[in-house]
1. Quick one: which strands (runs of 3 or more DSSP E) lie wholly within region 163-244 and hold at least 1 residues that are under 22 Å from Y536 (Cβ atoms) and among the aromatic types (F, W, Y)?
2. So A345 passes all but one of these: (1) touching a Ser or Thr at 6+ places or on another chain (Cβ under 7 Å); (2) buried (at least 17 other Cβ atoms within 10 Å of the Cβ). Which condition number does it fail?
3. Restricting region 454-488 to residues that are of a type in the set (G, A, S) and farther than 18 Å from D502 by Cβ, which is modelled with the lowest pLDDT?
4. Using beta carbons and a limit of 7 Å, which pairs, at least six apart or on different chains, have the first residue in region 340-360 and within 27 Å of T299 (Cβ to Cβ) and the second one hydroxyl-bearing (S, T, Y) and assigned to a loop (DSSP other than H, G, I, E, B)?
5. So, in region 534-551, exactly how many residues are surrounded by 24 or more Cβ atoms within 10 Å (Cβ to Cβ) and over 19 Å from G225 (Cβ atoms)?
6. I'm trying to understand the selection: among the residues of region 186-215, which are among the hydroxyl-bearing types (S, T, Y) and surrounded by fewer than 20 Cβ atoms within 10 Å (Cβ to Cβ)?
7. Looking at region 234-269, which of its residues are hydrophobic (A, V, I, L, M, F, W, C) and more than 24 Å from the chain's Cα centre (by Cα)?
8. Can you name every one of the strands (runs of 3 or more DSSP E) wholly within region 454-536 that holds 1 or more residues which are within 30 Å of P408 (Cα to Cα) and not basic (K, R)?
Amino acid sequence: MTEPPQPPNQPPTPSGYGHLPGPPQPGYGYPPQGENPYAQQPQGQPQDQPQGPYPQQPPQSQPPQGPYGQQPPGGYGFPPPPPGMPPMPYQQPGPPAKANKKAAALIAAAVAGVLVLATGGYFLFAGDGGKGEDHPVAQDSTAPTDDKASPSASVDKGDGSGNGGGEKEDLNAGRKQGEDKVLWFKTSKIDGPGSGVDSKGQWIVGDTVVKTLWKSVTGYGVADGKEKWTLTLPTVICGVTDQSTDGKTVVMYKDGESDSAHCNQMRMIDLKNGKEGWSHEVPKEGLFDIFTTPELALTGDALVVNRMGTTSAFKVSTGDKLFDNKRTEGCQPGDFAAGNGKMIAIATCQDADRTVQVMDADPATGKNTWTYKLPKGFTVKTIYSLDPIVLDLGNSEKKERSIVVLGPDGQQRTTVSGDGSFPSGCGGTFDRSLQSCGTSYVDANTLYLPTAAEAGKANEIVAFDLTTGKEKWRSPAGEGRTLTPLKAADGQVFVYRKAEYDKGGEVLTIPAGGGTPTAVLRNPSGPAAPVESSFYSPNVDYADGRLFVSASHLLARNKDEKLLMVFGK
């Protein structure tokens, strides 16, 4: 790979993340997000070719397929650095990309002022010495049909005692010493449209895990998987966010059954008890306001609905409109990002350079108090965090990239120095999931990034200090499996180690200051491992000692397909 041109009178610099210029001078400054294994889609997925942070890696010799069906498998450098600061070599992003996070990644659980932008997890050692007490059999449960649904679409809900109509199988059979259990497992049998059906939403609220599937939202008990409630919407669910406020969230569904129907209907849902709240239509803000794949984000009582160049904000509590992005002067904001009580907007100016700006936004009014201007040609690829603000920027034409940290006043605080081995964000022309496409995690002062995975090799989790921008530590590589950060809590970073056909996944913890990983959950091998490893583009969450792995898209070809798998002690 050729080195980028060096500034005059400066020695060549090693490959790595570049750095944006320091505080801008007058005329440049602050005017009044093979296959990418990390691209998660907890929201707004799948794309034309769905993918996620845990893509299926077929073994060399593929064993016979089990009863639960098989999901289809599915860089930038940086702006000119100041003296002594190295540029980062270009890394080609994978195909278009929410678990995640669980971001990927991006999107989002708050822990002590932290914004989760991707999902991931770590493992747990426990078990009964392989005796296999309380081994569950696969269970079947999925959304009921809607009487307004297409006549060709049907759902076999089953009675919850089998695996969806196929052969029964004890997923905990032959557990090894130290392995934990499959607590329960849900499958679905749907005869749906040729493109399949989405199942993107997953929330854990108290003792309930909530999952969307096509036109329905269903709550299950986290301990036993028993269905607690189900809501059926009039049409297909077409927009979700992994965020919630006091257990309440908003989903979007279409205004009709036809192929030309718009995704412009909102409904608030109380995830704790399955109660439906208000329903409203998102008003069209202009001639070119297109409702195809809106992206949702919320913080506190504010929900933003992003479309192509248009945004509207509403109260989560009442559905009343708060503001939109139309402005009479200045650069017009496009997409808004929200979380942890914070909100920012990304604006593209109509000047010759198509300058991009980042600005803060009041969640109640949308008004801004500061503006950060990006260098010429740069756009925001991924938003890793809003508190602190951590942005992954890229210039596709020059193949440059930079990760910057902004202070609460919008001033550039630092840039992250890396070696170029990290996958870039997924913010492309047709992918605006800036908060939900990565597999990274940010706590109060640390950015945790996974390095790119290579076949047969383990990747690493790298921690960066957000004050200095320098690397703090790297997790020890091992076992040749993909690691993805899930969350940080109680002085630990929780990481998910991907399952393989003959190895169950694991949840690990690493001390926030670095150190040896410790297993806190070890999923069983045997018949459970091939099921866990074949989830394609899954949503992954770890809460209260349980690991939740669920599908984000089903083929819906009237065959049993895995929907939700839960592991624990």
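1. Numbers: elements: 181-191, 202-205, 208-213, 216-221, 227-232, 237-239.
Here the list reads 181-191, 202-205, 216-221.
2. With respect to (1) touching a Ser or Thr at 6+ places or on another chain (Cβ under 7 Å); (2) buried (at least 17 other Cβ atoms within 10 Å of the Cβ), A345 is out only on (1).
3. Start the filter on region 454-488 by keeping residues that are of a type in the set (G, A, S), which leaves 455-456, 458, 463, 469, 475, 477-478, 480, 488.
Of the ones still in play, those that are also farther than 18 Å from D502 by Cβ are 463, 469, 475, 477, 488.
On the way: A463: 95, G469: 95, S475: 89, A477: 66, A488: 89.
Applying the filter and picking the extreme gives A477.
4. So the pair list comes out as C349/T355; D360/T369.
5. First pass over region 534-551, keeping only residues surrounded by 24 or more Cβ atoms within 10 Å (Cβ to Cβ): 535, 537-542, 547-551.
Restricting the remaining residues to those that are over 19 Å from G225 (Cβ atoms) gives 537.
Total satisfying the criteria: 1.
6. We begin by selecting, within region 186-215, every residue among the hydroxyl-bearing types (S, T, Y); these are 187-188, 195, 199, 208, 212.
Result: S195, T208.
7. Going through region 234-269, the residues hydrophobic (A, V, I, L, M, F, W, C) turn out to be 236-238, 240, 250-252, 261, 263, 266, 268-269.
Answer for region 234-269, where residues must be hydrophobic (A, V, I, L, M, F, W, C) and more than 24 Å from the chain's Cα centre (by Cα): just A261.
8. Working: elements: 461-465, 471-474, 483-489, 492-497, 506-511, 518-522.
By residue number, 461-465, 471-474, 483-489, 492-497, 506-511.
The values are calculated or read from the model by the stated rules, or taken from the named source; none is laboratory data. What you see is a predicted model, and the numbers here were worked out from it, not measured in a lab. Here Cβ is always computed from backbone atoms with ideal geometry, including for glycine, and neighbour counts include all displayed protein chains.
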